[in-house]
Amino acid sequence: MSNNLMADLLLPDIDKTPEYYENLYPARNLPEGARVTRIAPSPTGYLHLGVLFAALVNRITATSTSGVFFTRIEDTDKKREVKGGIEDIIGGLNRFGITIDEGFISGDNQSGIYGPYQQSHREEIYKTYVKELIKQGLAYPCFCTAEELAAVREIQESQKIRTGYHGEWAKHRNITFEEAKALIDEGKSFVIRLKSPGNEQNKVVFEDTIKGKIEMPENDEDFVLLKSDGIPTYHFAHAVDDHLMRTTHVLRGDEWISSVPKHIQLFKLLGFKVPKFGHISPIMKLENGAKRKISKRKDPEAAVHFFAEQGYMTEAVLNYLMTVASSDFEDWRRANPDTSYKEFKFNLKKMSVSGALFDENKLIDVSKTMVSKLSSTEVYEKLTAWAKEFDSEFYNILIADPDYTKAVFAIDRDVPKPRKDIAKWNEAKEYFSYMFEDLFVADFTLPENISPEDAKAFLSAYKSVYNPVDDRQEWFQRIKDIAPTIGFAAETKEYKANPENFKGHAGDLSSVLRIAITGRRNTPDLCSIMQVLGKDKCLNRIDKVLESI
Ligand code: GLU
């Protein structure tokens, strides 16, 4: 009875009951084994690599069980909130092609019957459940000020006692209705705490779906459920929301692992089914030989925007993250080179327990393979989209003559074994520079075994036989035909048998031509390059070199 009075005293405006919400948010009608997962980011600025990773793990867990993946915005800490923060995170997931079934499906659009999916709009729900706990004698008001709490902590520390609001240190644990009323009448503010029935000597055991069996002491701390401004703490909002949104698997960062005893306790006291927990290890960096969490302050790649700016394809980043997420993904990828990662049968048990290292070289490798599989038209579309946002000079060059640009990208591409060259779009300008007059930088530095005189003799001879419509074989035959006339072997074999008889071989001469046309020693197929560049540009570049020798 006095509990009911207390409940009405503390939360006079709440007239709904938990049953009301239980009916409003019925159990989901899903096939057996379907997992309901979610991410619950705070809108604190930008999409962090860890949030993208968690989203991927949650998404693929739901997908591989025909379940549901939803998003919920945890915006109870208004101090940390950044304008446009929801759009940054949800929009970022959208750009990465992470499908969101429910919740915030875009920066300004929620869908689904379990909403609102934003904690700041759920105050009445939290208060209804807190009120119920007060009625059951499982929660009470605490009027301690920050100074009082700090003083208690100091005493606990000096006596080497476990700090916190528990047992005999829980000053207002047994506060009566009359005492509470008197303090409220005095205008004192209060928080609402759980009256924890837990005992530190007992153990809570749970099976983490990622880390395995975990054992921890039961929670005996009367932790805060509702802050003085009526806003719930993470612990309380998590229990109420994940219950009412019918989450089956809470897969979140492992910084929450130590709070699990509190969470299990809350679910049980509230009469909720305890969900499965899985704690995701953070992505790590190596610094001076030691592993540390990837950090917003030190590592540019902590913000997913970094990958967009560099021009990594979103699919490449996700495929790379899949290699981090699952130890058997790479084997699967080798066996299924062209299948979307979404088809991979993901198993939480295969996740790293200790935290995988971020390895940009591996990302580059994954990325090169993916870029090599794109058609020239796809490269055109993706690269121009990137350049439009990040390099307007290059963008204008690329779009000046789309057919020409696509022909450039088709070199050594659209073939059975395409070249693995670029990993990210910010490398493309330099990589393709010799194909665009505005970017081409001539550099006629010859290999040591070729003299300028021989180069000159060769290029002069070549000019007079050059035929832009030659196929590869004809193209090389012309070089071979010139070779003996200036003391070079037509065939490499011939040269290798008697190197002292020759200045070099036809291959060396094709290098001279390559350097004259592209300024590089190493390029994709030169015959194709010359065909795409066309006769005028090729002759012009050869002439310039001849003038300079
Ligand atoms: N807002 C919490 C965080 O960003 C969510 C954790 C969870 O997924 O429950 O860490």
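The values are calculated or read from the model by the stated rules, or taken from the named source; none is laboratory data. Note that the coordinates shown come from a computational prediction; the quantities given were computed from them, not determined experimentally. Cβ atoms come from the backbone with ideal geometry, glycine included; neighbour counts cover every protein chain shown. Note: accessible area is taken over every heavy atom of the protein model, side chains too, but ligands, DNA and RNA are not part of it. Shrake-Rupley method; radii C 1.70, N 1.55, O 1.52, S 1.80 Å.
Pairs are defined by a Cβ separation below 8 Å, a sequence spacing of at least 6 or placement on different chains, a first member in segment 483-502 that is assigned to a strand (DSSP E or B), and a second member that is open to solvent by 80 Å² or more (accessible area, probe 1.4 Å); the pairs so defined are Ala489/Asn501.
Pairs linking a residue in segment 38-53 that is more than 10 Å from Val304 (Cβ to Cβ) and more than 9 Å from the ligand (Cβ to nearest atom) to a residue that is open to solvent by less than 30 Å² (accessible area, probe 1.4 Å) and outside any loop (DSSP other than H, G, I, E, B), with Cβ atoms under 8 Å and 6 or more positions apart or on different chains, are Pro43/Ile73; Pro43/Gly85; Pro43/Ile86; Pro43/Ile89; Gly45/Gly85. Restricting attention to segment 262-303, the residues that are open to solvent by less than 40 Å² (accessible area, probe 1.4 Å) and not in a loop (DSSP other than H, G, I, E, B) total 13. Inspect all residues belonging to segment 304-313 and state whether any of them is in contact with a helix residue (DSSP H, G or I) (Cβ under 8 Å, 6 or more places away or on another chain), within 16 Å of the ligand (Cβ to nearest atom), open to solvent by 20 Å² or more (accessible area, probe 1.4 Å) and not in a helix (DSSP H, G or I). Checked against the condition, which is being in contact with a helix residue (DSSP H, G or I) (Cβ under 8 Å, 6 or more places away or on another chain), within 16 Å of the ligand (Cβ to nearest atom), open to solvent by 20 Å² or more (accessible area, probe 1.4 Å) and not in a helix (DSSP H, G or I), segment 304-313 yields no hits at all.
Condition first: surrounded by 15 or more Cβ atoms within 10 Å (Cβ to Cβ) and either of a type in the set (A, V, I, L, M) or within 12 Å of the ligand (Cβ to nearest atom) (or both). Now tell me which residues in segment 23-37 satisfy that.
Going residue by residue through segment 23-37, those that are surrounded by 15 or more Cβ atoms within 10 Å (Cβ to Cβ) are 25, 28, 30, 35-37.
The answer is Leu30, Val36, Thr37.
The one condition from (1) away from the ligand (no atom under 13 Å from the Cβ); (2) crowded, with 23+ Cβ neighbours inside 10 Å that Glu19 does not meet is (2). One residue alone among Lys181, Lys160 is out of contact with any Asp or Glu (no Cβ under 6 Å at 6 or more places or on another chain), among the charged types (D, E, K, R), more than 19 Å from Lys262 (Cβ to Cβ) and not in a helix (DSSP H, G or I), and that residue is Lys160.
Within segment 60-74, residues that are among the acidic types (Asp, Glu) sit with their Cβ atoms under 8 Å from residues that are within 12 Å of the ligand (Cβ to nearest atom), at 6+ positions apart or across chains, in these pairs: Glu74/Ala40; Glu74/Pro41; Glu74/Ser42; Glu74/Gln119; Glu74/Tyr234; Glu74/Ala237.
The criterion of at least 2 residues that are open to solvent by less than 40 Å² (accessible area, probe 1.4 Å) and in contact with a Phe, Trp or Tyr (Cβ under 7 Å, 6 or more places away or on another chain) is met by the following helices (runs of 4 or more DSSP H) wholly inside segment 396-466: 402-410. Filtering segment 84-95 down to residues that are open to solvent by less than 20 Å² (accessible area, probe 1.4 Å) and touching a Ser or Thr at 6+ places or on another chain (Cβ under 9 Å), which residue is farthest from Ala27 (Cα to Cα)? Checked segment 84-95; the qualifying residue farthest from Ala27 (Cα to Cα) is Gly85. Which of the residues belonging to segment 352-372 are more than 16 Å from the chain's Cα centre (by Cα), open to solvent by less than 50 Å² (accessible area, probe 1.4 Å) and within 28 Å of Thr209 (Cα to Cα)? The answer is Ser352, and nothing else.
Could you pull out the residue among Ile134, Ile60, Ile89 that is under 25 Å from Lys293 (Cβ atoms), part of a helix (DSSP H, G or I) and away from the ligand (no atom under 13 Å from the Cβ)? Show your work before the answer.
On the way: Ile134 fails: under 25 Å from Lys293 (Cβ atoms); Ile89 fails: away from the ligand (no atom under 13 Å from the Cβ).
Checking each option against the conditions leaves just Ile60.
For the condition among the β-branched types (Val, Ile, Thr), over 19 Å from Ala308 (Cβ atoms), open to solvent by 50 Å² or more (accessible area, probe 1.4 Å) and away from the ligand (no atom under 13 Å from the Cβ), what is the one hit in Ile113, Ile125? I'd like the intermediate steps shown before the answer.
Working: Ile125 fails: open to solvent by 50 Å² or more (accessible area, probe 1.4 Å).
Answer to the selection: Ile113.
Does segment 43-54 contain at least one residue that is of a type in the set (Gly, Ala, Ser) and over 22 Å from Tyr312 (Cβ atoms)? Break it down stepwise before answering.
Going residue by residue through segment 43-54, those that are of a type in the set (Gly, Ala, Ser) are 45, 50, 54.
Then keep just the ones that are over 22 Å from Tyr312 (Cβ atoms); that gives none.
No: segment 43-54 contains no residue that is of a type in the set (Gly, Ala, Ser) and over 22 Å from Tyr312 (Cβ atoms).
Looking across segment 518-549, the residues that are assigned to a loop (DSSP other than H, G, I, E, B) and not polar (S, T, N, Q) come down to Gly519, Arg520, Arg521, Pro524, Asp525, Gly534, Ile549. Would you confirm, using the coordinates I've provided, whether Thr61 is at pLDDT 95 or above, open to solvent by 40 Å² or more (accessible area, probe 1.4 Å) and either under 26 Å from Asp229 (Cβ atoms) or of a type in the set (S, T, N, Q) (or both)? Taking the combined requirement at face value, the residue does not satisfy it. Condition check: within 16 Å of the ligand (Cβ to nearest atom), open to solvent by 10 Å² or more (accessible area, probe 1.4 Å) and at pLDDT 95 or above. Does Ile100 satisfy that? Yes; evaluated as a whole, the condition is true for this residue. For segment 199-232, give me the residue count where each residue is within 16 Å of the ligand (Cβ to nearest atom) and free of Cβ contacts under 8 Å to residues at least 40 places away in the same chain. Summing the residues that are within 16 Å of the ligand (Cβ to nearest atom) and free of Cβ contacts under 8 Å to residues at least 40 places away in the same chain in segment 199-232 gives 1.
If I filter segment 1-16 down to residues being among the charged types (D, E, K, R) and open to solvent by 70 Å² or more (accessible area, probe 1.4 Å), which single residue comes out as farthest from Ile283 (Cα to Cα)? So, considering only residues that are among the charged types (D, E, K, R) and open to solvent by 70 Å² or more (accessible area, probe 1.4 Å), the one farthest from Ile283 (Cα to Cα) is Asp8. If you filter segment 236-261 down to residues that are open to solvent by 30 Å² or more (accessible area, probe 1.4 Å) and within 11 Å of the ligand (Cβ to nearest atom), you find that the one that is nearest to Tyr165 (Cα to Cα) is Trp256.
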